[in-house]
Amino acid sequence: MHGGDLIASVLQAQATRFLFTLCGGHISPILVGCKQRGIRVIDTRHEATAVFAADAVARLTGRPGVAAVTAGPGLTNTITAVKNAQIAQSPVVLLGGAAATALKGRGALQDIDQMALLRPHVKWAGAARRVAELPALLEQAFREAQSGVPGPVFLECPIDLLYDEAIVRQLYGASSSGRGLVAQATRLYLRQHVRHLFAGMSKATIGGEIVPSAPEPDRAMIEQVAQRLLRADRPVLLVGSQALLAAHEAAEVARAVERLGIPTYLSGMGRGLLGRDHPLQMRHQRRAALREADLVLLAGVPCDFRLDYGRQISRRACYIAANRSPDDLKLNRRPSIGVLGDPGMFLRRLANSIPQHERWSIWRTQLRARDQAREDEIAHKAHAPSAHINPVQLCRAIEDAIDPSAILIGDGGDFVATASYTVRPRAPLAWLDPGAFGTLGVGAGFALGAKLVHPQAEVWALFGDGALGYSLAEFDTFTRHGIAIIAVVGNDAGWTQIAREQIDMLHDDVGTTLAQTDYHRVAEGFGAAGLLVDDPELVPDVLQQARKLAASGTPVLVNTVLGKTDFRKGSISM
Ligand SMILES: Cc1ncc(C[n+]2csc(CCOP(=O)(O)OP(=O)(O)O)c2C)c(N)n1
Ligand SMILES: [Mg+2]
């Protein structure tokens with residue numbers, strides 16, 4: 001076994017099913033080793049896509065997703081996706097190739113200080129310097145990625161640790177031919193160096209699957225929360241991504257939220273937790289609900305910009321937070337009760353510690369009425385006249401078209417924000433967006449990861465035309481690997497979310513306009529199916545056609561020509 005095989009064996013022991021990559025000479029043995037062990041190697045057209053895909057696998061399975069990229073530019077290309085995973089607290093294991101150990105700092109191809117590059121963006125970074133270390137370091141990477149507050153990790157794997165000893169000897173021997181004293185000394189040094197690289201191989205062992213247990217919330221504190229909750233008249237619950245980290249327990253978290261009976265808002269990976277229509281779930285007017293609530297419970301949601309840095313919660317309210325991160329627990333605002341631990345587990349235990357009883361029905365009815373009023377307003381907006389397709393109307397057509405199995409992915413500005421208010425995820429973990437980093441460009445990678453994890457599901461990637469630019473070349477990946485996703489592009493010929501504010505405030509659209517490009521034809525060029533729709537009347541039929549094509553195994557891009565609306569007017573995030 002060479003180092004590439006060792007890595008592949010560890011991945012196999014960790015039940016890794018997919019390795020996302022873009023090839024490079026530095027990592028070839030990892031790719032070949034993985035293929036030989038039945039791990040599906042998916043080669044993408046950009047390293048960021050590989051990491052985004054690994055991130056999606058992690059979010060949907062609750063186990064680390066894995067990507068391997070080559071040294072130097074391969075790694076620098078991943079940074080945005082790695083940072084996105086860090087901010088989203090997603091356990092991604094990134095393997096990076098590197099220059100040969102003896103050639104570091106000597107001008108070798110693509111040799112840069114990779115550890116310094118990655119360290120600020122990962123939870124843990126390790127560099128292997130001997131072949132025998134590879135299994136233990138990779139196992140540590142898996143442990144670190146998942147424990148406590150999960151996040152991406154990085155393991156640097158120099159090329160001379162990945163090939164077998166004979167090849168490495170040859171590699172070093174070949175670079176030191178000559179008879180002089182210096183050449184002989186170099187050869188001796190290198191021989192020693194190679195011996196060191198391969199020392200201790202007999203002791204290298206491969207351990208079993210690592211599944212760290214979730215950090216447990218304190219029982220006494222849960223009891224305290226329960227007592228406080230029972231005294232509340234107008235409680236509101238927010239459930240965010242962190243409550244869904246244990247993906248296989250999503251259904252139990254959903255049952256707990258139902259049992260609690262608190263009016264609930266869902267965000268991030270929490271969206272879809274209660275299915276398409278649940279009387280407890282509110283979708284609109286969250287700000288007003290938070291202002292009026294006398295108790296606010298944040299389960300895996302930090303008080304960041306999305307909650308106006310905590311200012312949305314009334315000063316008079318009892319504010320309770322459950323979070324794995326001690327920093328997020330008191331970010332911008334100290335909770336009345338802060339419970340450190342897994343928020344999903346917290347909700348489950350809390351639900352078991354309050355007696356079943358119908359509560360808060362007047363409050364719930366009040367919020368429900370307001371929610372419905374906003375729904376009616378949106379329905380009204382869908383009928384506003386528009387030169388092309390009205391985005392609200394399109395999103396409502398998507399809402400009508402998608403299958404119960406659908407997984408939705410959002411990558412874009414205004415169009416995706418509109419979709420997030422109108423298209424309802426059908427089940428837990430059926431909506432993926434970048435998270436708090438707001439990264440454009442996640443779409444193709446997320447769709448790739450989602451379709452691989454759930455091959456039977458309909459995967460709908462909703463793209464702004466601007467955001468699509470980052471993902472377009474991956475239609476090649478979808479075609480080559482038979483990843484039959486459905487992409488719907490809201491083509492408003494511009495970076496509208498930015499243009500809207502820029503024009504209003506600075507009276508200039510410079511840098512924010514795009515062309516009404518034939519993206520469907522680009523997808524066709526890559527071997528996918530492309531559909532164009534400009535007529536609102538035809539939208540439902542075209543979406544059905546897209547579903548049929550995808551069901552028959554063809555990836556599809558639906559290019560929808562959008563008109564203007566004022567649906568998103570006034571919304572801005574800072
Ligand atoms: C990587 C990255 N670059 C730039 C931005 C800033 N940004 C936020 S929304 C947006 C516009 C998105 O345009 P599009 O995808 O076409 O969606 P639209 O708003 O037009 O519906 C931009 C450029 C970002 N969030 N991420
Ligand atoms: Mg746009």
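Derivation of every value follows stated rules applied to the coordinates shown; laboratory data play no part. Nothing here was measured: the structure is a model prediction, and the numbers come from that model. Every residue, glycine among them, receives a Cβ derived from its backbone with ideal geometry; neighbour counts consider all protein chains shown.
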Calculate I(q)/I(0) for region 383-561 by the Debye formula, one identical point scatterer on each C-alpha and no solvent, and give its log10 at q = 0.18, 0.19, 0.20 Å⁻¹ to two decimals.
-1.16, -1.30, -1.45
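How high is the FRET efficiency between ASP308 and LEU188 when r is their beta carbon distance and R₀ equals 60 Å, given to the nearest 0.05?
Details: r = 67 Å, r/R0 = 1.11.
That pair, ASP308 with LEU188, gives E of 0.35.
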Projected onto the charge dipole of the chain (+1 at Lys/Arg Cβ, -1 at Asp/Glu Cβ, origin at the Cα centre), which of GLY24, LEU531, LEU238 gives the Cα projection farthest towards the positive end?
LEU238
Calculate the spin-label point distance for ASP376 paired with GLU537, positioning each point 7 Å from the Cα along the beta-carbon direction, and give it in nanometres.
3.0
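Would you calculate the volume per residue, in Å³, of the smallest convex hull containing every Cα atom of region 501-573? Intermediate results must be reported in sequence, preceding the final value.
On the way: hull volume 10.1 nm³, N = 73.
It is 138 Å³ per residue.
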In nm, spacing of pseudo-spin labels at ARG129 and GLN545 (7 Å Cα→C-beta vector)
6.2
For region 196-327: relative contact order, % (alpha-carbon pairs under 8 angstrom, 6 or more apart):
26
Using a 7 Å offset from Cα along Cα-Cβ at ASP43, what residues in region 1-35 end up with backbone N under 19 Å from the label point?
4-5, 8, 18-35
Set the bar at 30 Å for Cα to Cα. Now go through LYS330/LYS451; LYS83/LYS330; LYS83/LYS203; LYS123/LYS330; LYS548/LYS569 and name every pair that lies beyond it.
LYS330/LYS451; LYS83/LYS203; LYS548/LYS569
Hey, which aspartates and glutamates would be in cross-link range of LYS564, C-alpha to C-alpha under 12 Å, not counting anything within fewer than 8 residues on its own chain?
ASP414, ASP492
Just subtract the alpha-carbon distance of ARG231 and ARG291 from 0.36 nm times their residue separation and send over the number in nm, one decimal.
19.8 nm
Tell me the relative contact order for the chain as a rounded percent, counting alpha carbon contacts under 8 Å between residues six or more apart.
12
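Taking every DSSP beta bridge that has both residues in the chain, what percent is antiparallel when rounded to the nearest 5?
Numbers: 1 of 66 bridges.
Given both bridge residues lie in the chain, the antiparallel proportion sits at roughly 0 percent.
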Tell me the Kirkwood radius of the chain: reciprocal of the mean inverse pair distance over distinct alpha-carbon atoms, in Å.
25.3
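Compute the orientation-averaged projected area for region 3-203 from the convex hull of its Cα atoms and round it to one decimal in nm².
Working: hull surface 43.3 nm².
That works out to 10.8 nm².
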Rounded to the angstrom and largest first, Cα extents along the principal axes for region 219-362 equal 33, 32, 31
What does the helix-only formula give at 222 nm for the chain: each DSSP H stretch with n ≥ 4 adding -39500 (n - 2.57), the total divided by the residues, and the result rounded to the nearest 500 deg cm²/dmol?
-12000 deg cm²/dmol
Loop-exposed GluC sites (Glu not before Pro) per DSSP, neighbour cap 16 Cβ within 10 angstrom, longest uninterrupted part of the chain:
359-574
Seen from all sides and averaged, what is the projected area of the convex hull of the Cα atoms in region 98-227, in nm²?
11.1
